[in-house]
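Below: one structure, written as structure tokens.
The values are calculated or read from the model by the stated rules, or taken from the named source; none is laboratory data. Quick caveat, the model's predicted, so the values are computed rather than measured. Quick reminder, even Gly has a Cβ in these numbers, built from the backbone with ideal geometry, and neighbours come from all protein chains shown. We work out accessible area using only protein heavy atoms, side chains counted, and drop any ligands, DNA or RNA first. Shrake-Rupley method; radii C 1.70, N 1.55, O 1.52, S 1.80 Å.
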Amino acid sequence: MADKKKQVVVIGGGTGTYSVLLALKNLPVHISAIVSMADSGGSNRVIRDEFGLLPTSDIRQAIVALSSDNANHLLRQLFTYRYNHGTGISGMTFANLFMAALTDILGSQDKAIKSTCKLLKVKGQVIPATLDNCHLLAKYANNKQLLGEHFIDEPGAEQANHRIINLEMIPQATATKQALRAIKNADYIILPPGDLYTSLICNLLIDGITKSINQSKAKKIYFVNLMTRYGQTNDYSVKDHIDEVQQYLGEEILDFVIINKQKRLPAEVTEKYQDEKAKLVKDNLSGKQTYRGAKLVRAELISDLVYQKPSSDVLTRSLVRHDPAKVSAVLASIMVK
């Protein structure tokens, strides 16, 4: 009798989650992606404001990442397509408009997500973290606040130099039953790289998720970001990232922390990141093998490929990303025995 596949849950959003899902897709595991629903910028602002729906960009990325190699190639291309022309449509993705139309047809955004997963023959499942309409509220060290994921991601100059000291969800959101079930049944829970507050920690604020993670017997794995992000994690070190995640988890339950040990960026992005005031995250725990109960695993993780942003995409994007093949090797060494 074949061994039962390990249940792996990834909780996050954005390009970091996309890279980790790609890394997992060819491992002998069952994947559940619990995806952030806090986005409020770019095409998601239109989806929220004009369609009255929850954001779907992070859902779209997870679906594309886990789509079967046997899925229609043209469909996969369509789901990554971003319109470059047209008043009111430039910058929108085909997938966001498709899922908005499907929601109208099926009468439920949850049904639309599940139907899209079937259409692209998703390997595993893609689960919204919540189906409640909610927004992030960040409080800064200067006691000022910003409401909305987009404004926290790209704060004005007045706020950019101040640390976030508290993040909350307005109004309080409740986790989907499917998300809580996946966490309960998990053998491994992965907190992937991504914008620390607006892609990762935002999910830990949803009622039920952190409690379920703490109660789970699964091994917990956290990926520290490659780069700092000006206005959100200015000069954050490896230790800062771990401490902040632990603060919102509430308990020291991480089993593994994955840290990038490459010291050089591709030459073509060095100047760009200097302009953005972003830096490689400094490993100030070098020499330590454990920290706060977690085993520190160091590896070269940076992809040689540099992301090329479409001209119609007005949001700040990560140019340097985790290499799925390198991430897969690290995860295989931990999970596949």
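A Cβ distance below 9 Å, combined with a sequence gap of six or more or placement on separate chains, defines the contacts here; from segment 273-297, residues that are free of Cβ contacts under 8 Å to residues at least 12 places away in the same chain reach residues that are assigned to a loop (DSSP other than H, G, I, E, B) and exposed (fewer than 14 other Cβ atoms within 10 Å of the Cβ) in the pairs Ser286/Lys261. For segment 86-120, a residue qualifies if it is touching a Pro at 6+ places or on another chain (Cβ under 8 Å) and of a type in the set (Asp, Glu), and exactly one does: Asp110.
The single condition among (1) touching a residue at least 24 places away in the same chain (Cβ under 8 Å); (2) open to solvent by 70 Å² or more (accessible area, probe 1.4 Å) that Met99 does not satisfy is (2). Going by what's in this entry, would Asp187 be described as in contact with a Lys or Arg (Cβ under 6 Å, 6 or more places away or on another chain) and of a type outside the set (Lys, Arg)? Against the criterion (in contact with a Lys or Arg (Cβ under 6 Å, 6 or more places away or on another chain) and of a type outside the set (Lys, Arg)), Asp187 qualifies. Checked against (1) in a loop (DSSP other than H, G, I, E, B); (2) modelled with pLDDT under 90, Arg48 passes all but condition (1).
Please determine, by comparing only the residues of segment 287-300 that are modelled with pLDDT of 90 or more and assigned to a loop (DSSP other than H, G, I, E, B), which one is farthest from Ala218 (Cα to Cα).
Filtering segment 287-300 for residues modelled with pLDDT of 90 or more gives 288-300.
Adding the requirement that they be assigned to a loop (DSSP other than H, G, I, E, B) leaves 288-289, 292-293, 300.
On the way: Lys288: 24, Gln289: 21, Arg292: 17, Gly293: 15, Glu300: 25 Å.
If we take residues in segment 287-300 being modelled with pLDDT of 90 or more and assigned to a loop (DSSP other than H, G, I, E, B), then Glu300 is farthest from Ala218 (Cα to Cα).
Is it fair to say Leu146 is touching a Pro at 6+ places or on another chain (Cβ under 8 Å), farther than 21 Å from Val10 by Cβ and open to solvent by 20 Å² or more (accessible area, probe 1.4 Å)? Spell out the reasoning first.
On the way: touching a Pro at 6+ places or on another chain (Cβ under 8 Å): yes; farther than 21 Å from Val10 by Cβ: yes; open to solvent by 20 Å² or more (accessible area, probe 1.4 Å): yes.
Judged against the criteria, Leu146 is a match.
Every residue, every condition in (1) at pLDDT below 95; (2) in contact with a helix residue (DSSP H, G or I) (Cβ under 7 Å, 6 or more places away or on another chain); (3) farther than 19 Å from Ala62 by Cα, yes or no:
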position	(1), (2), (3)
Leu180	no, yes, no
Leu191	no, yes, no
Asp235	yes, no, yes
Leu249	no, yes, yes
Ile258	no, yes, yes
Lys263	yes, no, yes
Val269	yes, no, yes
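Elements of the type helices (runs of 4 or more DSSP H) sitting completely within segment 188-278 and holding at least 2 residues that are in contact with a Ser or Thr (Cβ under 8 Å, 6 or more places away or on another chain), open to solvent by less than 10 Å² (accessible area, probe 1.4 Å) and of a type outside the set (Phe, Trp, Tyr): these cover 238-249.
Take the residues of segment 162-174 that are in a strand (DSSP E or B) and open to solvent by less than 10 Å² (accessible area, probe 1.4 Å): which is farthest from Thr228 (Cα to Cα)? Full working, then the answer.
Narrowing segment 162-174 to residues in a strand (DSSP E or B): 164-170, 174.
Of the ones still in play, those that are also open to solvent by less than 10 Å² (accessible area, probe 1.4 Å) are 164, 167.
Working: Ile164: 14, Leu167: 18 Å.
The selected residue is Leu167.
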